[in-house]
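The structure under discussion appears below in the form of structure tokens.
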Amino acid sequence: MPRKVRWLLRGLVLVQFFIVGWDALALQEAYGLYRVQPDGLHYLQMAHSLQRGELLRSTPLYEPAPYRWIHEWPLGYPALIAATSTLTGLEPFYAARWLNLLSYALFYLALWRFFRPWAEWLFFLLWPPSLTWSYTMVLSENPYLPLFVATLGLLREEERHKEALFLLLPALFLVRYAGLGTGIGVGLWGLWALLQGQRKLSLMLIGASAVQAALAVGYFAWNALHDPQGEAGLHLRNAPMPSDFFQRTLEEVTYLRYLGLLVGLSVTAGLWRKQALSLQEKRYFLLLGLLTAVQLAFYLVSMARGRIGLVDARHFVLVFLPAVVGLSLYTAERLPTWTQVLIALTCVTWQVRNTYRHYQRSLRENHLPYTHLKAVQQAYDSLPFGTCIIAGSQGYPVFGRRKDLSLGESDAYWPILLRTCRCLYIDCGDLKRRRAAGLVFKVLWPFVRNCDPPARQPIDLRRIGCADSGWKN
């Protein structure tokens, strides 16, 4: 590739980075809590908990208990947020954005280190503009991506620097439990290398996989030791695999269409320039195929066991990332230079369009600011001891510290009524906001009448009854 073209692609990477960075930082106040998904909210709770010295305590997603040991997610991302917050002096909500941008930069640097001279090409194809919104949210995919790319890069270098896998595989697990699928794939590749007579490489790969597995066993045992109910993090969420899972996947996961486009681009590249694969390329593509297959199997087994319960494109992005790396490398050596520049320009234009839409939307819509969580704390702290709150805000534990409150969420609306509640309240303000988003809460119908007249404030606590007033639970 001509030097001028390479510098042009690097310039486009820099433009893309600054556009995403502006979206993440300049619009964070305008979007507020809109850019904090449920799992992101719990990451912030865990980060605050670490900073307060309370270890990893948070509200669970599927039970009405106010606090318990956090085991729904691993501690890697919250610990990074807490560390960034401590070093910068920023609230975890704001520190997470800077951590995201650092992860985005490390993503490119990992590509530059392990996949030169195609780093810029892979930068645009592995995480296209349809996915860069993750850097504006509090999501663990952001630090996971550079670690995953570094892992794939080390596996590409045959027997060089494999010692780093003893750190990378455990780090993948500590950021996302899905990293276990990658570790299993690496272990299987080590067994295959042993059959091929590559004893040293095999021992390295199997050893790294075993270290990750040992860490996982110890981590889950640590969870079970600290959790009041002995949960390790492997429990079922009572969220069975949807009966129409495969149909919904084809209809809702648009990322699969992007994969189809990459396959079509690869076929075109192969016809454009017929070039035989080298032995090293064949081995690496076989490895990427194995990792994709193992990660897909790991995901489907987790889904079938009720560990996931929802069809989310984010899961498929990480599952098929090895395949996308393979397709990108295949096309990089066969497509003419001008097509790579054209596609990179298209991606940057696409990113400008997306960011402009985000800006326009921020002018039209009103979203709850991050400071709303402090108002939640103040309002909930004024409630009587032992109160149960239907439709209670799960953001309370970010700043709130009371452990006698029960906050009903999702499937916990009915279980909360089976508890011995000294008082029962309903937060009509939060309920109104959720119903406006199109969510259906059929179990709330016996209590909806308590929200008449409709709430006008984001927080509208209304008492249903208390034990001292003759009300029975």
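Each reported figure results from applying straightforward, stated rules to the coordinates on display, with no laboratory input. Given the structure is predicted, the values throughout are model-derived calculations rather than measurements. For neighbour counting, all protein chains shown are included, and Cβ atoms are generated from backbone atoms with ideal geometry for every residue, glycine included.
Between Arg361 and Glu91, take the C-beta separation as r, use R0 = 22 Å, and let me know the FRET efficiency to the nearest 0.05.
0.40
Using 7 Å Cα-to-Cβ label points, what is the Trp222/Ala26 separation (nm, one decimal)?
Modelled inter-label distance: 4.1 nm.
Can you give me the Cα centroid spacing of the stretch 294-322 and the stretch 149-206 in angstrom?
A separation of 20 Å, based on Cα centres.
Starting at the first residue of the stretch 6-20, write each ³J(HN,Hα) from the Karplus equation 6.51 cos²θ - 1.76 cosθ + 1.60 with θ = phi - 60°, in whole Hz, x for Gly and Pro.
Working through the residues one at a time gives 5, 5, 5, 5, 5, x, 5, 4, 5, 4, 4, 4, 5, 5, 5 Hz.
Rounded to the nearest 0.05, what FRET efficiency do Thr346 and Thr249 give with R0 = 35 Å and r taken as the Cβ-Cβ distance? Could you check?
Once the sixth-power term is evaluated, E becomes 0.85.
Pop the C-beta distance of Val263 and Arg402 into the FRET formula with R0 = 51 Å and round what comes out to the nearest 0.05.
0.45
Evaluate the charge dipole of the stretch 32-336 about its Cα centre and quote only its size in Debye, nearest 20, assuming +1 on the Cβ of each Lys and Arg and -1 on the Cβ of each Asp and Glu.
In debye, rounded to 20, the stretch 32-336 gives about 680.
Work from the charge dipole of the stretch 138-204 (Cβ charges, +1 for Lys and Arg, -1 for Asp and Glu, about the Cα centre) and give the residue of Gln196, Gly153, Leu174 farthest towards its positive end.
The Cα lying farthest towards the positive end belongs to Gln196.
Once you have the Cα-Cα distance between Arg422 and His372, take 0.36 nm times their residue separation minus that, and quote the gain in nm to one decimal.
15.4 nm
Label Arg10 and Trp192 with points 7 Å out from Cα along Cα→Cβ: what is the distance between them in nm?
3.5
Apply the Karplus curve 6.51 cos²θ - 1.76 cosθ + 1.60, θ = phi - 60°, to the phi angles in the stretch 29-37 and return the couplings in whole Hz, x for Gly and Pro.
Each residue of the stretch 29-37 in turn: 6, 5, 8, x, 6, 4, 9, 10, 6 Hz.
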